[in-house]
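Single-structure report; data block below.
The values are calculated or read from the model by the stated rules, or taken from the named source; none is laboratory data. Since the structure is predicted, the reported quantities are computational estimates derived from the model, not experimental observations. Cβ coordinates were reconstructed from backbone atoms using ideal geometry, including for glycine residues, and neighbour counts include every protein chain displayed. We work out accessible area using only protein heavy atoms, side chains counted, and drop any ligands, DNA or RNA first. Shrake-Rupley method; radii C 1.70, N 1.55, O 1.52, S 1.80 Å.
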Amino acid sequence: QAKTLGRSRYEFFDVELRRRMQRRLRLEQDLRDAVRLGKLWAAYQPVVDLRTNRMVAVEGLLRWTHPVHGAVPPMEFIPLAEESDLINQLGAHVLRVTTQELAARRASGLDVDLKINLSTRQLDDPALIPDVERALHTTGLPAKALCLEITESALMRDSALASEALSALREIGVRLAIDDFGTGYSSLAQLQRLTLDTLKIDRSFVMRLGDSADAEAIVTSIIAMAHAVQLTVVAEGVENEMQLNLLRELGCDQAQGYYLGKPMPARELWD
Ligand code: C2E
Ligand code: MG
Ligand code: MG
Ligand code: MG
């Protein structure tokens, strides 16, 4: 009895596993085609200065509209791309497309900076630095108008290649941000050593602001810690007015979230 049960479970698992692997393989192939055919596009989400209430930057977020499955969220396809070198092509594409789009908007008078996300593997890619230089050069976007966001976990990885890439990026003059801060274990010393410009407080803390005294205490101390090492603090995932007011009171510099604006196609945001 137990043996049969075990076996049928095993078979079920096998079928399920095979089905999932097939979907992944197909998605990976489709993603490869999408990158090659230039089918990936960027949505832009406003980042607002809490002192002036002005949109000071946008974060470019990758979007994939699959011909059959519709919108596939980045949380699904980015990890897929990260398992192969596809992430490097994908990252190069985002860099090209967003710097072009932003430079064009700035040329017609818009004073807004660009933030984009870098994955761990891009930091290890020797093509990253030349790609960034080329994007700035061909679009005329000033280096200081470009901010590259790297997650806390990626930054804390002890990689010689990555720290070389970070110094080269600083040399070029682009800004660097630590993304999803609070989900890893970085110390004040590490934050200082990394010499970044911006720290983004992870949405999971912002979400609980107002319901949880703990969350408020955590956000307060993150802001203090960031300011102690001269970092600009951005809160991500602001969904209501209460969170926004509280963040302003706590001295947070900038904010981003559905309450201030969802990620949108460029023409919807600006035309
Ligand atoms: P992230 O860099 O932390 O980006 C913020 C994510 O939070 C975005 O999700 C955004 O749509 C979402 N968000 C913003 N405000 C709110 C809010 O008020 N409420 C809620 N619930 N969500 C909010 P998205 O676009 O799905 O991207 C998810 C993650 O995928 C990003 O997190 C980033 O880590 C990664 N990603 C997106 N585009 C790229 C890219 O071009 N390259 C790389 N390497 N990663 C990317
Ligand atoms: Mg980000
Ligand atoms: Mg983030
Ligand atoms: Mg996040």
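Taken over segment 137-158, the criterion of being at pLDDT 95 or above and in a loop (DSSP other than H, G, I, E, B) is satisfied by 140, 141, 142. When residue 201 is tested against the conditions (1) within 14 Å of ligand 4 (Cβ to nearest atom); (2) open to solvent by 10 Å² or more (accessible area, probe 1.4 Å), the lone failure is (2).
Checked against (1) touching a residue at least 40 places away in the same chain (Cβ under 8 Å); (2) under 21 Å from residue 43 (Cβ atoms); (3) under 13 Å from the mean Cα position of the chain (by Cα), residue 141 passes all but condition (3). Kindly indicate the residue of segment 110-141 that is under 16 Å from residue 172 (Cβ atoms) and open to solvent by 50 Å² or more (accessible area, probe 1.4 Å) and also nearest to ligand 1 (Cβ to nearest atom) among those meeting that condition. Only one residue tops the list, namely 113. Is there any pair with a first residue in segment 51-73 that is near ligand 1 (Cβ under 10 Å from one of its atoms) and a second that is open to solvent by less than 50 Å² (accessible area, probe 1.4 Å) and assigned to a loop (DSSP other than H, G, I, E, B) whose Cβ atoms are under 7 Å apart and which are 6 or more apart or on different chains, and what are they? So the pair list comes out as 59/256; 61/263. Suppose we keep only residues that are assigned to a strand (DSSP E or B) and away from ligand 2 (no atom under 11 Å from the Cβ) within segment 159-183. Which one would you say is most open to solvent (accessible area, probe 1.4 Å)? In this case the residue turns out to be 175.
If I ask for residues that are of a type in the set (D, E, K, R), crowded, with 18+ Cβ neighbours inside 10 Å and under 17 Å from residue 125 (Cβ atoms), which ones from segment 142-158 would you list? Scanning segment 142-158 gives a single hit, 149. Of all residues in segment 204-238, those that are open to solvent by less than 70 Å² (accessible area, probe 1.4 Å), more than 16 Å from ligand 1 (Cβ to nearest atom) and aliphatic (A, V, I, L, M) total 9.
Residue by residue, here is whether (1) under 16 Å from residue 267 (Cα atoms); (2) at pLDDT 95 or above; (3) within 16 Å of ligand 4 (Cβ to nearest atom); (4) surrounded by 15 or more Cβ atoms within 10 Å (Cβ to Cβ) holds:
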{"site": "9", "(1), (2), (3), (4)": "no, no, no, no"}
{"site": "21", "(1), (2), (3), (4)": "no, no, no, no"}
{"site": "38", "(1), (2), (3), (4)": "no, no, no, no"}
{"site": "43", "(1), (2), (3), (4)": "yes, yes, yes, yes"}
{"site": "56", "(1), (2), (3), (4)": "no, yes, no, yes"}
